[in-house]
Each structure stands twice: as structure tokens, then as C-alpha cells.
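Okay, structure first, notes after.
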Amino acid sequence: MLEFILSIIFIGIILYFFNRYQNKKQEELRNQNLKRYEKFREFIKDYDKTIEELKTAPVKKVNYTLSVIMPKYGLMLPLLKYKERINNWDDTIKGLKDLDVNLIKSNVKDIEKRFFLIDKYGEVSGDKLYNHDYFIGMTEEMLIDTKGFPTKKEKEELKTKTKLIYIYGNKSSGDVFTFVNGLCERYIDR
């Protein structure tokens, strides 16, 4: 009888320490997952309140919340470098959060492209290129940054100049840009 009581006490002690070990591991896992939220601070409106709620939540809920938030906010992280330049930052982020992942990805790429063109070519030329408003005097590089590489490229060597023709689509129904000595001399944007 004494052996039975001792074995029950021993099992109780083992279960007690095992339970403490499990709780400690879950707390470490929860804290580790909550640290991942730090990079999303700019996107989560009530960040501190959210973190406090998740600190007391079960690990499964923390992991689920991360699995929902991380893909969307992760796609928006590149926008942080443009935060000061985006006039309506809160509305932009709020609008993006409501979209599905593919639309977020395309919108973020679109915003990044706009700022890339503005940074590279200046406010006026960058905005024109972003809006596909081509102009006489633009360079080949500007066109490629805006439209990508042409479907076909023709080159003519004349005595005093080099003439390059960039064709997007085909010559009769596509866009055609003519460059003389590196600058756009004329274009047909269909």
C-alpha cells in the first residue's frame, strides 16, 4: 500500500514538472511569434492592444493570427520606404488590407514602379512615364523601364546618325518608337 501511494506521489511530481515545462515552452513560442509582429507595427492600427490580447491567447490562436496577417502585411513591407511620400498612407494601407493577396501584390508593384521612375528620372518625367505619356526626347532606357523590352528591334546605320526602331506587337497595329542617336524622334502609341 505504501509503495502504491509513493508511486502516485512520484507520478504527480513528474506530471507537475512536465506541465510546467510545457507551459514554459508555450510561453517562449508565443513570445517568439509575437516578435514577428514588430515589423508590422506600421500596418496594425492598434498594435499595442493587439499584442496585449495575443499575449494571453493560446499559441494556436497566435499562430493562426500570424498566418492571416503575415502574407498580406509581408507584401506591403516594401511600401514602408515610401511612407513619407505617400500622401494618404492610412487610406492606402486600409484599402490594401481589404484586397486579396494577388491584388495587394500588383498594387504594391505598381506603387514601387511609380517611385522607381520618379527617383530615376525626376518628378515630371517619372510621372509621365508612369502614366504612359511618352514624349519626344525620351531615351531608350526610359522606354524600356516603362514598357519593358520590345517585341522587335530594327537598326539602321546612316552616315551621321544611328536610327533604332522599337516595335511592341507588330509594325502595323502595335506601338512603334523611333530613336535617333539615343533620343526618341517620333512614336506611334496605339
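When the range 20-57 is examined, which residues are found to be of a type outside the set (D, E, K, R), over 17 Å from Met70 (Cα atoms) and surrounded by 11 or more Cβ atoms within 10 Å (Cβ to Cβ)?
Gln26, Ala57, listed by residue number.
Looking for something without any contact (Cβ under 8 Å) to a residue 60 or more places away in the chain, touching a Lys or Arg at 6+ places or on another chain (Cβ under 9 Å) and more than 30 Å from Leu143 (Cα to Cα) - is there at least one such residue anywhere in the range 116-123?
Checked against the condition, which is being without any contact (Cβ under 8 Å) to a residue 60 or more places away in the chain, touching a Lys or Arg at 6+ places or on another chain (Cβ under 9 Å) and more than 30 Å from Leu143 (Cα to Cα), the range 116-123 yields no hits at all.
Under the condition of being hydrophobic (A, V, I, L, M, F, W, C) and under 30 Å from Lys25 (Cβ atoms), which residue from the range 58-108 is farthest from the chain's Cα centre (by Cα)?
Once the filter is applied, the top-ranked residue is Val59.
Among the strands (runs of 3 or more DSSP E) confined wholly to the range 142-190, which include 2 or more residues that are under 24 Å from Ser125 (Cα atoms)?
Output list reads 162-168, 175-180, 183-188.
Can you name every residue in the range 122-141 that is of a type in the set (A, V, I, L, M) and either within 17 Å of Lys163 (Cα to Cα) or surrounded by fewer than 12 Cβ atoms within 10 Å (Cβ to Cβ) (or both)?
Matches in the range 122-141: Val124, Ile136, Met138.
Here are some residues: Ile144, Ile165. Which one is among the β-branched types (Val, Ile, Thr) and surrounded by 13 or more Cβ atoms within 10 Å (Cβ to Cβ)?
That would be Ile165, the only listed residue that is among the β-branched types (Val, Ile, Thr) and surrounded by 13 or more Cβ atoms within 10 Å (Cβ to Cβ).
Between a first residue in the range 89-108 that is within 15 Å of Val68 (Cα to Cα) and a second residue that is assigned to a helix (DSSP H, G or I) and among the polar types (S, T, N, Q), which pairs have beta carbons less than 8 Å apart while being 6 or more apart in sequence or on different chains?
Matching pairs, first to second residue: Leu96/Asn107; Leu99/Asn107.
Are any residues in the range 153-173 in contact with an Asp or Glu (Cβ under 8 Å, 6 or more places away or on another chain) and among the β-branched types (Val, Ile, Thr), and if so, which ones?
Thr162, Ile165, Ile167
Of the conditions (1) under 30 Å from Phe177 (Cβ atoms); (2) touching a Phe, Trp or Tyr at 6+ places or on another chain (Cβ under 9 Å); (3) aliphatic (A, V, I, L, M); (4) free of Cβ contacts under 8 Å to residues at least 40 places away in the same chain, Leu66 fails just one. Which one is it?
(1)
Any residue in the range 169-186 that's without any contact (Cβ under 8 Å) to a residue 60 or more places away in the chain: show its pairings with residues that are of a type in the set (Asp, Glu) and not in a loop (DSSP other than H, G, I, E, B) at Cβ separation under 7 Å, as long as the two are six or more apart or on different chains.
Pairs found: Gly169/Asp175; Thr178/Glu185; Phe179/Glu140; Phe179/Glu185; Gly182/Glu140.
Could you tell me which of the residues Lys55, Lys81, Lys105 is part of a helix (DSSP H, G or I) and at pLDDT below 80?
Going through Lys55, Lys81, Lys105 in turn, the sole match is Lys55.
Quick one: would you say Tyr73 is touching a helix residue (DSSP H, G or I) at 6+ places or on another chain (Cβ under 9 Å) and either of a type in the set (A, V, I, L, M) or within 30 Å of Val101 (Cα to Cα) (or both)?
In short, yes.
The values are calculated or read from the model by the stated rules, or taken from the named source; none is laboratory data. Since the structure is predicted, the reported quantities are computational estimates derived from the model, not experimental observations. Neighbour counts are summed over all protein chains in view; Cβ atoms, including those assigned to glycine, are modelled from backbone coordinates with ideal geometry.
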